[in-house]
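Just below is one structure, and these are the notes that go with it.
Where a number appears in this text, it was derived from the coordinates with a stated rule and is not lab data. Given the structure is predicted, the values throughout are model-derived calculations rather than measurements. Heads up, the Cβs are rebuilt from the backbone with ideal geometry, glycines too, and the neighbour counts pull from every protein chain shown.
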Amino acid sequence: MDDTDLAYAGAAEQARLVRTGEVSARELVSAILARIDALNPGLNAYRVVFAERALEEAARQDTRHSSDPERPLLGVPVAIKDDVDVAGEVTAWGTSAFGAPKSVDSDVVTRLRSAGALVIGKTHVPEMTVWPWTASLTWGATRNPWDTKRTPGGSSGGSAVAAAAGMCGVALGSDGGGSIRYPSALTGVFGIKPTRDRISLAPDHFDAWNGLTVYGPLARRVRDAAVFLDATVADPPAGGFRAALERPPDRLRIAVSLKPPLGSLACLTSEQRDAIERTAALLRSLGHDVFEHEVDYGLNALLNVTVRYLKGVEHDVAAMPRPERLERNTRRLAALGSLVADSWLAIARRSEPAIAARMNRSFERADVVLTPMVGGPPPIITDVAGRGVVRSLYRSFNEVAWAAPWNAIGQPAASVPAGFDSRGLPLAVQLCGRAGDDVTLLRLAAALEDARPWADRRPPVDEPSGTPDRP
């Protein structure tokens, strides 16, 4: 296995290779660092890379090598989204308004390290993670490895690019309205938003965006995401998520829902619609009962997200040490949040159970809901970045229309690759489940991956003609 194959092997296989001694942790880290050196100047996925620190930690792991199964990410280089704290480093959050370096790791980083992961670096986000594209005046634009004129989405755009281009074994993202799933869809990787509270947001992001936000993985393979969840979830299923994938899903009832929530003008391209139809046909061929049934989002699902999001941005901006350094759009977004009365936020929080009950009527007939993930191809960076706040808000909620309602009710949802369009750009679908039933989504996604593998197709960054220009 050459270094490129090793880099694209993904977290589960990389950990196995280190555990069995076929590859040392230092060799693995060196291969990933070489890719970052080669590709990051053009793709701009990482803000900071901890090269010396990761190599030293890898050498220590090799010295006291252990095949301990309790360390599912042994030796695996993991990318950390730059809204999560890493001790000794600033959390830049896509801006220059940040404060002092953090003194302790976030809980999720502590869990990753305990599982044997090596923190390789921190990945770019839009300023304050407010947009579904990854570009900021401070740190520049992050580019999609399938077409560098296009965005990888956001706000976990840097993590998505790192996972898609083999610049980590698995990446940590956060999702407050589609921010794991949307960039996963645009870059051809698997991303799951777990059930709310399964992964700790402590110490600094508890109840982030008023309950909308969760942490989760972006990975080249479903099994890589399962290993990540084994390392980070406080209450994994008996035997763990990876072990759960050893058994295929039972025959499931799968509802196909195409309409976006009320209040959105999102629409599907013919190729995105075809991706849904092909996935539905594949699921039928795998023995599942697949039928058309529209989710009843009601009148308030997107409004509920909007209120919680705007107030969340207002609170985050108010907590920044140097808010005068924030971009004009970010300050304007926070000003919009200040116009949302605290009583409206309280009403939005209280109305969550009613919205959940309405949406969950679908699960009286179905075990899983299959929806579009995005309406069209990855946007051109210059079409979305740097526009006015009203236009950006309008574009944002149409881009994540099918994703955001599942944040409002805290239930699991996953972006699953579904082939490529006529331009060679990734397609994706969304799987949504009952609260706490993350395993069913993982099993079903793994079955789709086994039947229609996607990880062997790599972005053109390793081809001489496909090397992206510097931003």
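Brief remarks on what is shown
- Computed over the alpha-carbon pairs of the chain, the distance histogram in 10 Å steps reads 5, 23, 34, 27, 11, 1 percent, short to long.
- Ranked by how many other beta carbons lie within 10 Å on average, peptides 402-413, 291-302, 192-203 from highest: 402-413, 192-203, 291-302
- For peptides 114-126, 360-372, sequence by mean Cβ density within 10 Å, most packed first: 114-126, 360-372
- Ranking of 267, 168, 432 by neighbouring Cβ atoms within 10 Å, starting from the fewest: 267, 432, 168.
- Within the range 428-463: backbone nitrogen closer than 14 Å to the residue 274 label point (7 Å, Cα to C-beta): 428
- For residue 380 and residue 110, the difference between the fully extended length at 0.36 nm per residue and the C-alpha to C-alpha distance is 93.5 nm.
- The relative contact order of the range 10-466, computed from alpha carbon pairs under 8 Å that lie at least 6 residues apart in sequence, is 18 percent.
- Point-charge dipole on Cβ atoms (K/R +1, D/E -1) for the chain, about Cα centre, debye to 20: 880 debye
- Note on residue 70 and residue 420: their simple-model spin labels are 4.4 nm apart, each label 7 Å out from Cα toward Cβ.
- Per-pair calculated FRET efficiency, R0 = 22 Å: residue 354 and residue 197 via Cβ, rounded to 0.05: 0.65
- For the pair residue 315 and residue 5, a Förster radius of 45 Å applied to the C-beta separation gives a FRET efficiency near 0.50, rounded to the nearest 0.05.
- For the chain, the mean residue ellipticity at 222 nm estimated from helices alone is -12000 deg cm²/dmol, where every DSSP H run of n ≥ 4 contributes -39500 (n - 2.57) and the total is divided by all residues, rounded to the nearest 500.
- Mean separation of Cα contacts under 8 Å (6+ apart) over length of the range 168-271, as relative contact order %: 25 percent
- Pairs of Lys in the chain closer than 29 Å at Cα, counting only those 8 or more apart or on different chains: 15
- Förster radius 41 Å - calculated FRET efficiency between residue 63 and residue 292, Cβ distance, rounded to 0.05: 0.10
- The range 7-69: relative contact order as a whole-number percent, Cα under 8 Å and 6+ apart: 44 percent
- Placing a label point 7 Å from the Cα of residue 258 along the Cα-to-Cβ direction, the residues of the range 295-313 whose backbone N falls under 20 Å of that point are 295-298.
- Taking a sphere under 15 Å around the Cβ of residue 160 and counting the other residues whose Cβ falls inside, with K and R at +1 and D and E at -1, yields a net charge of +4.
- Distance between the range 84-154 and the range 349-396 - C-alpha centres, whole angstrom: 23 Å
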